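Visitor: Dumping the structure here so I can ask a few things about it.
The values are calculated or read from the model by the stated rules, or taken from the named source; none is laboratory data. Keep in mind that this is a model prediction, so the values were computed, not measured. Cβ: placed from backbone, ideal geometry, glycine included. Neighbour counts: every protein chain shown.
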Amino acid sequence: MGWKRKSSEEGHKRKFLVVIDETPECGRAVAYAAKRAERTNGGLLMLYIIKPSEFQHWLGVENIMRAEAQEEAQEILARYQKLARETANIDPEQVILEGAPNDVISEYIEEDEDVAIMVLAAGVDGEGPGPLVSSFIRNMSNQFPIPLTIVPGDLTDEDIDALS
């Protein structure tokens, strides 16, 4: 069963969603989405997902781990925010959520009606397209409510500029 999208109100910008992680190709997805957002007068939303803690029965440990994960997420997002600003004249929106990636992404897209396109980059290490791309292809292909753009992870800045 697919998601039903609410129609966006007049005046809202179409957002390009990039899921931020620590893969080498993530920067290529950010650069492409930033350029596309700039050229189409859209917005860029960078989503970082913290996987649920495995120490839920030890509250003190869980709280420390959650705080550390939030701090790490903010540092990573700041790095990619800088890249987006250097690549395009755009100030990305940043969101940090916790949960299973597929569920978090689907729920966020359902709630934010301005998210119109998701951009991911394919892996460059020769071991397949990467964990997030593989997961989406395997689990979400029939029910994903918005277009998914998969950018080759080895694109140069010139390639991205030409494509966007």
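Visitor: Which one of Ala67, Ala29, Ala78, Ala88 is surrounded by fewer than 14 Cβ atoms within 10 Å (Cβ to Cβ) and under 30 Å from Ala162 (Cβ atoms)?
Guide: Ala78
Visitor: Here is a further query. Out of region 96-110, which residues are at pLDDT below 95 and surrounded by fewer than 16 Cβ atoms within 10 Å (Cβ to Cβ)?
Guide: Listed by number, the residues that qualify are Glu98, Gly99, Ala100, Asp103, Glu107, Glu110.
Visitor: Checking the conditions here, which among Glu68, Glu75, Glu93 is farther than 25 Å from Ala37 by Cβ, at pLDDT 90 or above and of a type outside the set (Lys, Arg)?
Guide: Glu68
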